[in-house]
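These notes concern the structure reproduced below.
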Amino acid sequence: MSSVAEKPVIFRTVATRSGHKLGLLTLNAPAAMNAVDLDMVNRIDRQLKRWEENDDVVAVIMRGAGDKAFSAGGDIRKLYDSMCAEGDERYRYADQFFSGEYGKNYRVHLFTKPLIAWGNGFVMGGGLGLFIGANHRVGTETLKLAWPEVRIGLFPDVAATWYLSHLTQPVGYWMALTGMQMNAVDCRELRLTQYALAHSQFDDMKALLKNTEWTANNAENHHRVRDCLHRLEADCPQGLPESQMHPAWDDISALLVDYDLKAISQRFAAYAGSNEWVQQGIRQFQAGCPATAHLIMEQLQRGQCMSLKEAVQWELVLAYQSVRHPDFAEGIRAMVVDKDFRPQWQHASVDEVPRSWVEGLMKSPWPAAEHPLRDL
(Lines give C-alpha, C1' and ligand atoms only; values in the text may rest on other atoms or scores of the structure.)
Protein backbone atom coordinates (compact mmCIF):
# COMPACT_ATOMS: atom_id res chain seq x y z
CA MET A 1 0.00 0.00 0.00
CA SER A 2 1.54 3.32 -1.07
CA SER A 3 1.84 6.05 1.50
CA VAL A 4 0.23 9.41 0.83
CA ALA A 5 3.67 10.90 0.23
CA GLU A 6 4.26 8.42 -2.60
CA LYS A 7 0.97 8.94 -4.41
CA PRO A 8 1.38 11.05 -7.58
CA VAL A 9 -2.03 12.63 -7.04
CA ILE A 10 -3.73 13.01 -3.67
CA PHE A 11 -7.52 13.12 -3.44
CA ARG A 12 -9.41 13.91 -0.28
CA THR A 13 -12.56 15.68 0.87
CA VAL A 14 -13.29 18.09 3.69
CA ALA A 15 -16.65 18.76 5.29
CA THR A 16 -18.33 22.15 5.02
CA ARG A 17 -20.54 23.93 7.52
CA SER A 18 -23.60 23.25 5.38
CA GLY A 19 -22.97 19.50 5.52
CA HIS A 20 -21.57 19.23 2.00
CA LYS A 21 -18.02 18.37 0.96
CA LEU A 22 -15.17 20.04 -0.91
CA GLY A 23 -12.92 17.90 -3.07
CA LEU A 24 -9.19 18.60 -2.77
CA LEU A 25 -6.96 17.43 -5.63
CA THR A 26 -3.20 17.82 -5.22
CA LEU A 27 -0.63 17.06 -7.92
CA ASN A 28 1.99 15.41 -5.73
CA ALA A 29 5.29 15.27 -7.57
CA PRO A 30 7.07 18.40 -6.26
CA ALA A 31 10.56 17.07 -7.04
CA ALA A 32 9.48 16.95 -10.71
CA MET A 33 7.65 20.29 -10.52
CA ASN A 34 4.40 18.28 -10.45
CA ALA A 35 4.87 17.16 -14.05
CA VAL A 36 1.98 14.94 -15.12
CA ASP A 37 2.18 11.58 -16.83
CA LEU A 38 -0.51 9.35 -18.32
CA ASP A 39 -1.18 7.55 -15.04
CA MET A 40 -1.79 10.86 -13.23
CA VAL A 41 -4.09 12.13 -15.98
CA ASN A 42 -6.13 8.93 -15.84
CA ARG A 43 -6.42 9.07 -12.05
CA ILE A 44 -7.60 12.68 -12.17
CA ASP A 45 -10.16 11.90 -14.86
CA ARG A 46 -11.65 9.05 -12.84
CA GLN A 47 -11.79 11.04 -9.62
CA LEU A 48 -13.39 14.12 -11.19
CA LYS A 49 -16.09 11.84 -12.61
CA ARG A 50 -16.74 10.38 -9.14
CA TRP A 51 -16.95 13.82 -7.59
CA GLU A 52 -19.23 15.12 -10.30
CA GLU A 53 -21.61 12.22 -9.70
CA ASN A 54 -21.49 12.63 -5.90
CA ASP A 55 -24.20 15.03 -4.78
CA ASP A 56 -22.40 15.64 -1.48
CA VAL A 57 -19.40 17.19 -3.26
CA VAL A 58 -20.22 20.77 -4.25
CA ALA A 59 -16.85 22.12 -5.43
CA VAL A 60 -13.28 21.02 -6.08
CA ILE A 61 -9.94 22.73 -5.44
CA MET A 62 -6.99 21.68 -7.59
CA ARG A 63 -3.42 22.63 -6.68
CA GLY A 64 0.20 21.49 -6.94
CA ALA A 65 2.29 20.27 -4.00
CA GLY A 66 5.09 22.56 -2.84
CA ASP A 67 5.64 26.20 -3.62
CA LYS A 68 7.32 26.08 -7.03
CA ALA A 69 4.66 24.91 -9.46
CA PHE A 70 1.07 23.97 -10.04
CA SER A 71 2.62 21.84 -12.77
CA ALA A 72 5.54 22.61 -15.05
CA GLY A 73 4.32 20.29 -17.79
CA GLY A 74 4.13 16.68 -18.84
CA ASP A 75 6.77 14.04 -18.23
CA ILE A 76 8.58 14.66 -21.51
CA ARG A 77 11.43 12.31 -20.61
CA LYS A 78 8.96 9.42 -20.93
CA LEU A 79 7.91 10.81 -24.30
CA TYR A 80 11.55 10.94 -25.39
CA ASP A 81 12.10 7.33 -24.36
CA SER A 82 9.02 6.36 -26.34
CA MET A 83 10.27 8.14 -29.46
CA CYS A 84 13.67 6.45 -29.12
CA ALA A 85 12.33 2.95 -28.42
CA GLU A 86 12.58 0.14 -30.94
CA GLY A 87 10.07 -2.18 -32.53
CA ASP A 88 6.44 -2.15 -31.47
CA GLU A 89 7.22 -0.05 -28.39
CA ARG A 90 8.32 2.93 -30.47
CA TYR A 91 5.74 5.72 -30.19
CA ARG A 92 3.34 3.52 -28.17
CA TYR A 93 3.50 5.51 -24.93
CA ALA A 94 3.67 8.87 -26.74
CA ASP A 95 0.53 8.09 -28.74
CA GLN A 96 -1.30 6.86 -25.66
CA PHE A 97 -0.16 9.90 -23.67
CA PHE A 98 -1.32 12.54 -26.12
CA SER A 99 -4.62 10.82 -26.88
CA GLY A 100 -5.31 10.30 -23.18
CA GLU A 101 -4.12 13.74 -22.12
CA TYR A 102 -6.03 15.72 -24.72
CA GLY A 103 -9.26 13.80 -24.28
CA LYS A 104 -9.21 13.92 -20.49
CA ASN A 105 -8.11 17.55 -20.36
CA TYR A 106 -11.03 18.41 -22.61
CA ARG A 107 -13.38 16.73 -20.14
CA VAL A 108 -12.06 19.03 -17.40
CA HIS A 109 -13.64 21.88 -19.39
CA LEU A 110 -16.97 20.07 -19.13
CA PHE A 111 -16.91 19.68 -15.33
CA THR A 112 -20.16 21.29 -14.21
CA LYS A 113 -19.41 21.97 -10.55
CA PRO A 114 -17.10 24.77 -9.40
CA LEU A 115 -13.51 23.70 -10.07
CA ILE A 116 -10.92 26.08 -8.62
CA ALA A 117 -7.37 25.80 -9.99
CA TRP A 118 -4.72 27.41 -7.76
CA GLY A 119 -2.05 28.73 -10.14
CA ASN A 120 1.05 29.14 -8.05
CA GLY A 121 4.48 29.07 -9.72
CA PHE A 122 4.95 27.37 -13.07
CA VAL A 123 1.85 26.45 -15.07
CA MET A 124 2.91 24.94 -18.39
CA GLY A 125 2.42 22.01 -20.76
CA GLY A 126 0.31 19.15 -19.49
CA GLY A 127 -0.26 20.98 -16.23
CA LEU A 128 -1.61 23.96 -18.12
CA GLY A 129 -3.97 21.57 -19.89
CA LEU A 130 -5.54 20.76 -16.52
CA PHE A 131 -5.39 24.32 -15.21
CA ILE A 132 -6.94 26.04 -18.23
CA GLY A 133 -9.96 23.71 -18.14
CA ALA A 134 -10.99 24.78 -14.64
CA ASN A 135 -13.92 27.16 -14.48
CA HIS A 136 -12.38 29.26 -11.66
CA ARG A 137 -8.67 29.95 -12.28
CA VAL A 138 -6.53 31.77 -9.72
CA GLY A 139 -3.08 33.22 -10.36
CA THR A 140 -0.76 34.06 -7.46
CA GLU A 141 2.17 36.45 -7.21
CA THR A 142 4.55 33.76 -8.48
CA LEU A 143 2.45 32.57 -11.43
CA LYS A 144 4.50 31.82 -14.55
CA LEU A 145 2.02 30.66 -17.18
CA ALA A 146 3.36 29.78 -20.61
CA TRP A 147 3.12 27.64 -23.70
CA PRO A 148 6.91 27.23 -24.22
CA GLU A 149 6.76 24.36 -26.74
CA VAL A 150 8.60 26.33 -29.44
CA ARG A 151 11.72 25.67 -27.35
CA ILE A 152 11.42 21.87 -27.58
CA GLY A 153 10.17 21.44 -31.14
CA LEU A 154 6.59 20.52 -30.28
CA PHE A 155 3.81 23.13 -30.68
CA PRO A 156 1.60 25.00 -28.18
CA ASP A 157 -0.91 22.31 -27.27
CA VAL A 158 -3.49 21.39 -24.61
CA ALA A 159 -6.07 23.60 -26.36
CA ALA A 160 -3.65 26.46 -27.13
CA THR A 161 -5.02 26.51 -30.68
CA TRP A 162 -8.30 27.80 -29.26
CA TYR A 163 -7.11 29.88 -26.32
CA LEU A 164 -4.22 31.72 -27.96
CA SER A 165 -6.21 32.48 -31.11
CA HIS A 166 -8.95 34.10 -29.01
CA LEU A 167 -6.69 36.41 -26.99
CA THR A 168 -6.41 40.11 -27.71
CA GLN A 169 -3.85 40.05 -30.47
CA PRO A 170 -0.96 40.15 -30.99
CA VAL A 171 -0.48 38.67 -27.50
CA GLY A 172 -1.42 35.13 -28.55
CA TYR A 173 1.16 35.16 -31.33
CA TRP A 174 3.74 36.65 -29.00
CA MET A 175 3.17 33.98 -26.33
CA ALA A 176 3.24 31.14 -28.85
CA LEU A 177 6.23 32.24 -30.92
CA THR A 178 8.40 33.17 -27.94
CA GLY A 179 7.14 30.89 -25.16
CA MET A 180 7.27 33.84 -22.77
CA GLN A 181 5.84 33.48 -19.28
CA MET A 182 2.87 35.61 -18.24
CA ASN A 183 2.34 36.75 -14.65
CA ALA A 184 -0.86 36.87 -12.60
CA VAL A 185 -1.73 40.47 -13.38
CA ASP A 186 -1.41 40.01 -17.15
CA CYS A 187 -3.15 36.63 -17.12
CA ARG A 188 -6.11 38.14 -15.32
CA GLU A 189 -6.38 40.95 -17.85
CA LEU A 190 -6.14 38.46 -20.72
CA ARG A 191 -8.78 36.26 -18.99
CA LEU A 192 -6.46 33.29 -18.90
CA THR A 193 -7.31 33.51 -15.19
CA GLN A 194 -10.23 35.21 -13.45
CA TYR A 195 -8.63 36.05 -10.11
CA ALA A 196 -5.28 37.27 -8.76
CA LEU A 197 -4.50 36.36 -5.15
CA ALA A 198 -1.50 35.95 -2.88
CA HIS A 199 -0.31 32.38 -2.31
CA SER A 200 -0.60 33.06 1.43
CA GLN A 201 -4.38 33.33 0.97
CA PHE A 202 -4.86 29.67 0.08
CA ASP A 203 -5.87 28.66 3.61
CA ASP A 204 -8.16 31.70 3.84
CA MET A 205 -9.84 30.60 0.62
CA LYS A 206 -10.31 27.07 1.89
CA ALA A 207 -11.77 28.38 5.17
CA LEU A 208 -14.20 30.66 3.34
CA LEU A 209 -15.36 27.81 1.13
CA LYS A 210 -15.78 25.48 4.12
CA ASN A 211 -18.01 28.08 5.80
CA THR A 212 -20.09 28.78 2.70
CA GLU A 213 -23.78 27.86 2.65
CA TRP A 214 -23.79 25.51 -0.31
CA THR A 215 -26.89 24.45 -2.20
CA ALA A 216 -27.89 21.70 -4.62
CA ASN A 217 -27.87 24.23 -7.46
CA ASN A 218 -24.61 24.40 -9.45
CA ALA A 219 -25.31 27.91 -10.75
CA GLU A 220 -25.81 29.16 -7.20
CA ASN A 221 -22.64 27.43 -6.08
CA HIS A 222 -20.60 29.02 -8.89
CA HIS A 223 -21.91 32.38 -7.70
CA ARG A 224 -20.80 31.60 -4.15
CA VAL A 225 -17.29 30.70 -5.35
CA ARG A 226 -17.04 33.93 -7.33
CA ASP A 227 -18.17 35.89 -4.30
CA CYS A 228 -15.57 34.23 -2.06
CA LEU A 229 -12.72 34.76 -4.50
CA HIS A 230 -13.63 38.38 -5.21
CA ARG A 231 -13.78 39.05 -1.45
CA LEU A 232 -10.30 37.61 -1.13
CA GLU A 233 -9.09 39.78 -4.00
CA ALA A 234 -10.33 42.85 -2.14
CA ASP A 235 -8.25 41.76 0.86
CA CYS A 236 -5.21 40.69 -1.15
CA PRO A 237 -2.01 41.95 0.48
CA GLN A 238 0.36 44.04 -1.58
CA GLY A 239 2.91 42.09 -3.59
CA LEU A 240 1.31 41.17 -6.90
CA PRO A 241 3.75 41.85 -9.74
CA GLU A 242 3.47 44.75 -12.14
CA SER A 243 2.33 44.12 -15.68
CA GLN A 244 5.03 42.95 -18.06
CA MET A 245 2.71 43.22 -21.03
CA HIS A 246 1.76 46.89 -20.84
CA PRO A 247 5.29 48.38 -21.06
CA ALA A 248 5.98 46.04 -23.99
CA TRP A 249 2.70 46.55 -25.84
CA ASP A 250 3.87 49.11 -28.39
CA ASP A 251 6.99 47.10 -29.21
CA ILE A 252 5.11 43.82 -29.55
CA SER A 253 2.44 45.44 -31.71
CA ALA A 254 5.11 46.84 -34.03
CA LEU A 255 6.95 43.52 -34.23
CA LEU A 256 3.74 41.61 -34.97
CA VAL A 257 2.07 44.24 -37.14
CA ASP A 258 1.25 41.48 -39.64
CA TYR A 259 1.32 37.70 -39.57
CA ASP A 260 3.97 37.07 -42.20
CA LEU A 261 6.38 34.81 -40.32
CA LYS A 262 9.44 35.65 -42.39
CA ALA A 263 8.79 39.36 -41.94
CA ILE A 264 8.26 38.85 -38.20
CA SER A 265 11.59 37.04 -37.98
CA GLN A 266 13.30 39.93 -39.76
CA ARG A 267 11.71 42.50 -37.44
CA PHE A 268 12.74 40.46 -34.41
CA ALA A 269 16.32 40.38 -35.67
CA ALA A 270 16.29 44.14 -36.23
CA TYR A 271 14.73 45.04 -32.87
CA ALA A 272 16.64 47.90 -31.26
CA GLY A 273 14.34 48.59 -28.31
CA SER A 274 15.37 48.48 -24.67
CA ASN A 275 12.57 46.40 -23.16
CA GLU A 276 14.29 43.38 -21.56
CA TRP A 277 11.14 41.26 -21.61
CA VAL A 278 10.83 41.77 -25.36
CA GLN A 279 14.54 41.08 -25.83
CA GLN A 280 14.22 37.81 -23.94
CA GLY A 281 11.23 36.78 -26.03
CA ILE A 282 13.13 37.44 -29.24
CA ARG A 283 16.06 35.35 -28.03
CA GLN A 284 13.72 32.48 -27.23
CA PHE A 285 12.11 32.69 -30.66
CA GLN A 286 15.49 32.68 -32.36
CA ALA A 287 16.63 29.65 -30.36
CA GLY A 288 13.32 27.88 -30.92
CA CYS A 289 12.25 25.41 -33.56
CA PRO A 290 11.62 27.00 -36.99
CA ALA A 291 9.07 24.36 -38.00
CA THR A 292 7.14 24.95 -34.76
CA ALA A 293 6.96 28.64 -35.61
CA HIS A 294 5.27 27.78 -38.90
CA LEU A 295 2.80 25.48 -37.13
CA ILE A 296 1.99 28.27 -34.70
CA MET A 297 0.98 30.60 -37.52
CA GLU A 298 -1.36 27.90 -38.83
CA GLN A 299 -2.74 27.20 -35.37
CA LEU A 300 -3.69 30.73 -34.49
CA GLN A 301 -5.23 31.50 -37.85
CA ARG A 302 -7.26 28.29 -37.98
CA GLY A 303 -8.14 28.34 -34.29
CA GLN A 304 -10.29 31.43 -34.67
CA CYS A 305 -12.75 29.39 -36.72
CA MET A 306 -12.67 26.20 -34.62
CA SER A 307 -14.68 25.15 -31.61
CA LEU A 308 -12.71 24.09 -28.57
CA LYS A 309 -13.49 20.46 -29.35
CA GLU A 310 -12.33 20.81 -32.96
CA ALA A 311 -9.11 22.47 -31.79
CA VAL A 312 -8.36 19.61 -29.39
CA GLN A 313 -9.07 17.01 -32.07
CA TRP A 314 -6.80 18.79 -34.54
CA GLU A 315 -4.00 19.11 -32.00
CA LEU A 316 -3.92 15.32 -31.69
CA VAL A 317 -3.07 15.17 -35.40
CA LEU A 318 -0.23 17.63 -34.85
CA ALA A 319 1.01 15.66 -31.83
CA TYR A 320 0.94 12.36 -33.74
CA GLN A 321 3.06 13.86 -36.51
CA SER A 322 5.38 15.77 -34.16
CA VAL A 323 6.26 12.52 -32.41
CA ARG A 324 7.32 11.11 -35.79
CA HIS A 325 9.23 14.16 -36.99
CA PRO A 326 12.76 14.58 -35.56
CA ASP A 327 12.59 18.10 -34.11
CA PHE A 328 10.54 17.13 -31.06
CA ALA A 329 12.91 14.38 -29.92
CA GLU A 330 15.89 16.64 -30.62
CA GLY A 331 14.40 19.45 -28.57
CA ILE A 332 13.88 17.17 -25.56
CA ARG A 333 17.39 15.77 -25.95
CA ALA A 334 18.95 19.22 -25.93
CA MET A 335 16.81 20.82 -23.22
CA VAL A 336 16.11 17.91 -20.86
CA VAL A 337 18.24 14.81 -21.52
CA ASP A 338 21.74 16.04 -22.39
CA LYS A 339 21.06 19.63 -21.34
CA ASP A 340 23.53 21.08 -23.82
CA PHE A 341 20.80 23.61 -24.81
CA ARG A 342 21.95 23.41 -28.41
CA PRO A 343 19.21 21.70 -30.39
CA GLN A 344 20.09 20.89 -33.96
CA TRP A 345 16.81 21.65 -35.69
CA GLN A 346 16.00 20.20 -39.08
CA HIS A 347 15.94 23.71 -40.53
CA ALA A 348 18.28 26.55 -39.64
CA SER A 349 15.64 29.30 -39.84
CA VAL A 350 11.99 29.92 -40.63
CA ASP A 351 13.06 30.89 -44.17
CA GLU A 352 14.30 27.35 -44.79
CA VAL A 353 11.22 25.39 -43.73
CA PRO A 354 9.47 24.12 -46.89
CA ARG A 355 5.70 24.20 -47.09
CA SER A 356 5.70 20.44 -47.64
CA TRP A 357 7.26 19.94 -44.19
CA VAL A 358 4.53 22.00 -42.52
CA GLU A 359 1.82 20.16 -44.45
CA GLY A 360 3.33 16.86 -43.33
CA LEU A 361 3.03 17.95 -39.72
CA MET A 362 -0.67 18.71 -40.27
CA LYS A 363 -1.60 15.56 -42.19
CA SER A 364 -4.05 13.37 -40.33
CA PRO A 365 -3.13 9.67 -40.19
CA TRP A 366 -6.80 8.75 -39.65
CA PRO A 367 -10.03 9.10 -41.61
CA ALA A 368 -12.46 11.31 -39.69
CA ALA A 369 -14.48 8.29 -38.57
CA GLU A 370 -11.41 6.69 -37.01
CA HIS A 371 -9.99 9.69 -35.16
CA PRO A 372 -9.19 8.60 -31.58
CA LEU A 373 -11.04 11.64 -30.16
CA ARG A 374 -14.00 11.54 -32.56
CA ASP A 375 -16.44 10.95 -29.67
CA LEU A 376 -15.34 13.84 -27.43
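The values are calculated or read from the model by the stated rules, or taken from the named source; none is laboratory data. Remember, it's a predicted structure, so these values are computed and weren't measured experimentally. Glycine gets a Cβ as well: all are built from the backbone with ideal geometry, and neighbour counts include every protein chain shown.
Points to keep in mind about this one:
- Considering the conditions (1) out of contact with any Pro (no Cβ under 7 Å at 6 or more places or on another chain); (2) crowded, with 20+ Cβ neighbours inside 10 Å, Lys210 is excluded by exactly one of them, (2).
- Here Asp55 clears all of (1) in contact (Cβ under 8 Å) with a residue 60 or more places away in the chain; (2) closer than 24 Å to Ala146 by Cβ except the condition numbered (2).
- Filtered residues of the stretch 11-51 (kept if of a type in the set (Val, Ile, Thr) and farther than 16 Å from Ile116 by Cβ): Val36, Val41
- For the residues Val36, Val14, the requirement of being buried (at least 16 other Cβ atoms within 10 Å of the Cβ) and in contact (Cβ under 8 Å) with a residue 24 or more places away in the chain singles out Val36.
- Contacts under 6 angstrom Cβ, first residue in the stretch 301-312 being farther than 17 Å from Ser364 by Cβ, partner part of a helix (DSSP H, G or I) and of a type outside the set (Gly, Ala, Ser), 6 or more apart: Leu308/Trp162
- Counting the residues of the stretch 205-223 that are of a type outside the set (Ser, Thr, Tyr), over 16 Å from Gly139 (Cβ atoms) and in contact (Cβ under 8 Å) with a residue 24 or more places away in the chain gives 11.
- Matching helices (runs of 4 or more DSSP H) fully within the stretch 266-376 where at least 2 residues are farther than 21 Å from Ala160 by Cα and not aliphatic (A, V, I, L, M): 276-287, 326-332, 355-361
- Scan of the stretch 326-342 for residues that are crowded, with 17+ Cβ neighbours inside 10 Å and within 22 Å of Ser99 (Cα to Cα), ordered by number: Asp327, Phe328, Ala329, Glu330, Gly331, Ile332
- The stretch 58-67, residues that are under 12 Å from Leu27 (Cα atoms) and either under 14 Å from the mean Cα position of the chain (by Cα) or in a strand (DSSP E or B) (or both): Ile61, Met62, Arg63, Gly64
- Gly288 being in contact (Cβ under 8 Å) with a residue 40 or more places away in the chain, more than 23 Å from Gly172 (Cβ to Cβ) and among the small types (Gly, Ala, Ser): no
- Of all residues in the stretch 235-259, those that are in a loop (DSSP other than H, G, I, E, B) and either in contact with a Lys or Arg (Cβ under 6 Å, 6 or more places away or on another chain) or over 17 Å from Glu141 (Cα atoms) (or both) total 4.
- Taking the stretch 198-250 as the range and being closer than 19 Å to Val60 by Cβ and among the charged types (D, E, K, R) as the test, the residues that pass are Asp203, Asp204, Lys206, Lys210, Glu213, Glu220, Arg224, Arg226, Asp227.
- The residues on offer are Gln181, Gln169, Gln194, and the sole one that is touching a strand residue (DSSP E or B) at 6+ places or on another chain (Cβ under 6 Å) and surrounded by fewer than 21 Cβ atoms within 10 Å (Cβ to Cβ) is Gln194.
- Checked against the criterion of being among the charged types (D, E, K, R) and more than 22 Å from Thr212 (Cβ to Cβ), the stretch 10-26 has no qualifying residue.
- Screening Leu209, Leu192, Leu232 for residues that are among the hydrophobic types (A, V, I, L, M, F, W, C), outside any helix (DSSP H, G or I) and either closer than 30 Å to Trp51 by Cα or at pLDDT 95 or above (or both) leaves exactly one candidate, Leu192.
- Only one of Gln321, Gln313 that is surrounded by 13 or more Cβ atoms within 10 Å (Cβ to Cβ), within 18 Å of the chain's Cα centre (by Cα) and either under 26 Å from Gly133 (Cα atoms) or hydroxyl-bearing (Ser, Thr, Tyr) (or both): Gln313
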